[in-house]
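All remarks here apply to the structure that follows.
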Amino acid sequence: MRRVAVTGAGAVSALGVDLASFWSALKAGRPGIGPIRAVDCSTFKFSHGAEVPGFDPLRYFDEKTAGQLDRSVQFAGAAAAEAIADSGIVLVPDRTAVITGCALGGKPTEDDTYRQLYAENRTRFDPMSIPKVMTNASASRVSMHHGITGPCYTVSTACASAAHAIGQAFWMVRSGLVDAAVAGGTEAPVTLGMLRAWEAMRVVAPDTCRPFSRDRRGLILGEGAAFLVLEDLEAAMARGARVHAEICGFGMSSDAGHLTAPSADGAARAMTAALRDSGLDTAQVGYVNAHGTGTSANDATETRAIRAVFAVPPLVSSTKSMHGHALGASPALEAVATVLALRDGVLPPTANFTEPDPACDLDVIPNQARQVQVEAALSNSFAFGGLNAVLAFRRYP
Amino acid sequence: MPENVANRVIRIITKTQKFADGRVTESSTFKELGIDSLDGLNILFAIEEEFGLNVPDDAAMEFKSVPEVVAGVERLLADKQV
């Protein structure tokens, strides 16, 4: 089987509209969390989110095209274009796949349309409403804009969406079904309806996200998109591409348990499956980019899962403390963080950390990045509905 | 003098398609303007708003050029006044 290189990356996040700003903020331990601007949250139990600052669609699309794309699709278009440019690849249209992850689809368009319907009693609506809200709009946009004609679809598995997408893309390239893939995820959930729905779940922190801290109070909702370009390692070498890292394993599992309560067993089985798929030994894994939502249940459960898989736990951090929880896009943002950590020998920290929790007895790299060149790393994603997906990466060369 | 129907139609097409002024004329066809089916829906939507009309689907199917839109709108406006 082929080895698979990550040769391109792109990110639009609360840390900025491009990869450079994303990575520099992560290395500095600087969160992109602040008061929510898109929605008036004065009557909410929480007030903070991780919104993309200063995203101007007209920087990426002409006026007409921008109007045909939901905010979530605009993010995807920008991040995928950045990843493809970063890779320098000349895409062979029918030998390339596009696989995107998205939990919710075009929520900003949907929310605005429902407001017109229920609050304004309008009877006429934007004819583009349907193609703007469909969850696969991002995959279609990337395919159409870049002329990619191979397999193209969207995976929707809540907060693991982009991990399932990247994992399948990896397997497609590894097996030879395609030679390259553009894979990632996008999400734009900062709408009145979505925020109220999340508020009702009582899992959003009132101020900020403190994964693994004793005083953690929940997650912080984020938005954005991230994409990777994956290609056959030998082809990448032949064209003299810069390889950020190698993607070498993918594991999945289902808890078949509770709809929202996490399971250490399910999470551990996904990590074990990724390790087995990669051929890595646990001792080679020096870092885990945790799911690390900052909820009481996730972080303690994930700690138990990591301890169940690793006799000696590796270093662990949650970058959600900085880019927030961008739902279906989170695994893609975290995959990018993991790849760059391997490339540069810098492990991003868990920001906003205050005090250790005995239930999370791991080295979570509190607040300050660590200069450590690890050999391999995992990126964990666990979704509501009990669906777990773990990606494994290896330093290259 | 109030703007006539043709000028209003030209203005709407120019605006919804983000065209430069002068590109759309009284005889333009959608084909020569590069207007596809989705663009056509957007134009229809804006026409309905502008003229306070509800354009039936079979009438909308005939909108393939500026003169056809103008004729259709004038007919619907006349029906409305009866």
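The values are calculated or read from the model by the stated rules, or taken from the named source; none is laboratory data. Quick caveat: nothing in here was measured; it's all calculated off a predicted structure. Quick reminder, even Gly has a Cβ in these numbers, built from the backbone with ideal geometry, and neighbours come from all protein chains shown. Ligands, DNA and RNA are stripped out before the accessible areas are found, and what is left, the full protein with its side chains, is counted by its heavy atoms. Shrake-Rupley method; radii C 1.70, N 1.55, O 1.52, S 1.80 Å.
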*Among the residues of segment A:289-309, write down those that are of a type in the set (A, V, I, L, M), crowded, with 24+ Cβ neighbours inside 10 Å and within 17 Å of A:His325 (Cβ to Cβ).*
A:Ala290
_Suppose we keep only residues that are within 14 Å of another protein chain (Cβ to nearest Cβ) and not in a helix (DSSP H, G or I) within segment A:51-66. Which one would you say is most open to solvent (accessible area, probe 1.4 Å)?_
A:Asp62
*Answer yes or no as to whether B:Ala60 is within 14 Å of chain A (Cβ to nearest Cβ), under 10 Å from the mean Cα position of the chain (by Cα) and under 28 Å from A:Ala66 (Cβ atoms).*
yes
*Go through segment A:1-31 and give me each residue that's more than 22 Å from A:Thr100 (Cβ to Cβ), surrounded by 21 or more Cβ atoms within 10 Å (Cβ to Cβ) and over 15 Å from the mean Cα position of the chain (by Cα).*
A:Ala25, A:Gly29, A:Pro31
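Results for (1) within 14 Å of chain B (Cβ to nearest Cβ); (2) open to solvent by less than 30 Å² (accessible area, probe 1.4 Å); (3) in contact (Cβ under 8 Å) with a residue 40 or more places away in the chain; (4) under 22 Å from the mean Cα position of the chain (by Cα), shown as yes or no for each residue.
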| site | (1), (2), (3), (4) |
| --- | --- |
| A:Gly106 | no, yes, yes, yes |
| A:Pro131 | yes, no, yes, no |
| A:Thr149 | no, no, yes, no |
| A:Ser161 | no, yes, yes, yes |
_Any residue at all in segment A:67-86 that's part of a loop (DSSP other than H, G, I, E, B) and at pLDDT below 95?_
yes
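Taking the condition in contact with a Gly (Cβ under 6 Å, 6 or more places away or on another chain), within 19 Å of A:Ala392 (Cα to Cα), buried (at least 23 other Cβ atoms within 10 Å of the Cβ) and not basic (Lys, Arg), does A:Gly167 pass?
No: the conditions fail for A:Gly167.
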*Selection count where residues are out of contact with any Gly (no Cβ under 6 Å at 6 or more places or on another chain) and more than 14 Å from A:Gln74 (Cα to Cα), scope segment A:123-157*: 19
*Quick one: how many residues across segment A:200-232 are open to solvent by less than 20 Å² (accessible area, probe 1.4 Å), of a type in the set (Asp, Glu) and either closer than 21 Å to A:Ala300 by Cβ or under 16 Å from the mean Cα position of the chain (by Cα) (or both)?*
1
_Against the condition more than 14 Å from every other protein chain (Cβ to nearest Cβ), open to solvent by 20 Å² or more (accessible area, probe 1.4 Å) and either touching a Gly at 6+ places or on another chain (Cβ under 8 Å) or not hydrophobic (A, V, I, L, M, F, W, C) (or both), how does A:Asp40 come out, does it pass?_
yes
*Selection count, segment A:233-279, where residues are within 17 Å of A:Val6 (Cβ to Cβ) and open to solvent by 40 Å² or more (accessible area, probe 1.4 Å)*: 8
